[in-house]
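Written out below as structure tokens is the structure these notes cover.
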Amino acid sequence: EQFKKANAKSSKSETVDWNSYVARYADFILEHDIHDFFELDIDSVVGLSKVEDLRKSLEHRTARQSIPVWHKSRGLDNWNSLIKDYPCVAIGGIVVGEIRRNQFKYLRKLCDIAHDHACEVHGLGVSHEQLGTNRYRFDSTDTSVWSVGHRFAYVYKFTGKRTIKFPKPEGQLMDAEKVIAHNFMEWFKYQRYLLHAGWSMKP
């Protein structure tokens with residue numbers, strides 16, 4: 001079974017010309033003058049060594065540092081190295097369960113270590129309020145959870161400090177466009193709250 005998984009991963013990787021992909025990615029970054037961009041977050045597809053090679057190529061082509069995406073499998077030594085070399089590092093693997101809920105407590109420590117080196121930390125796919133900026137001291141996060149309420153029949157309401165999810169009343173239809181717009185505004189309110197109620201490395 002493990003052989004089948006490894007072979008499938010290898011086959012998937014071999015179908016993509018990653019060097020060509022990086023070249024096009026770099027061209028897009030330069031064309032649109034983008035300064036905050038991620039490395040190729042494909043550890044599970046090609047392995048860390050290849051990701052590091054692709055990162056070097058991307059940064060050489062753009063003459064800019066990317067935002068590395070650290071995964072638990074890279075280990076603490078890799079984290080300590082990245083936060084010394086980069087002004088911002090992202091943590092991946094939260095959405096897919098690579099970092100389990102009982103391991104969330106270590107996220108605060110990772111952020112604190114990074115901040116000791118004046119490195120900011122971005123949480124990839126962080127949407128659950130238990131992973132909010134206040135508690136774990138992420139400098140920034142991203143989420144698309146606001147955009148799926150119409151698919152699973154629920155709406156959000158910002159209460160002043162958090163968002164609460166309400167299911168659709170049974171037997172009623174939902175207007176998808178209105179639900180998307182409503183949920184976006186409620187999460188926007190939550191974003192503004194975190195922006196002003198969150199922490200800052202700056203005095």
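A few points about this structure:
- Reach of residue 168 by Cα under 17 Å, taken over aspartates and glutamates that are not fewer than 8 positions away in the same chain: 177, 186
- Net charge of the neighbourhood of residue 119, taken over other residues with C-beta under 10 Å away and scored Lys/Arg +1, Asp/Glu -1, is -3.
- Principal-axis analysis of the Cα atoms of the chain puts helix 105-116 at an angle of about 60° to the longest axis.
- Sites residue 159 and residue 181 - FRET efficiency at Förster radius 25 Å, r taken between beta-carbons, to 0.05: 0.85
- Debye intensity ratio I(q)/I(0), log10, the chain, q values 0.15 Å⁻¹ (C-alpha model): -1.09
- Summing charges over neighbours of residue 51, with a neighbour being any other residue whose Cβ is under 11 Å away from its Cβ, gives -1 when K and R count +1 and D and E count -1.
- At most 16 other Cβ within 10 Å, DSSP loop - GluC sites (Glu not before Pro), region 98-180: 98, 170
- Cα convex hull, region 67-164: 105 Å³ per residue, rounded to a whole number.
- Listed residues 160, 171, 93, most fluctuating in the chain (Gaussian network, C-alpha, under 10 Å): 171
- Sequence-distant aspartates and glutamates (8 or more away, or on other chains) whose Cα lies within less than 20 Å of residue 105: 77, 116, 120, 129, 139, 142
Read-outs: derived from the displayed coordinates by stated rules, not from any lab. Computed from a predicted structure; not experimentally measured. Cβ sites come from the backbone with ideal geometry, for glycine too, and all protein chains shown count toward neighbours.
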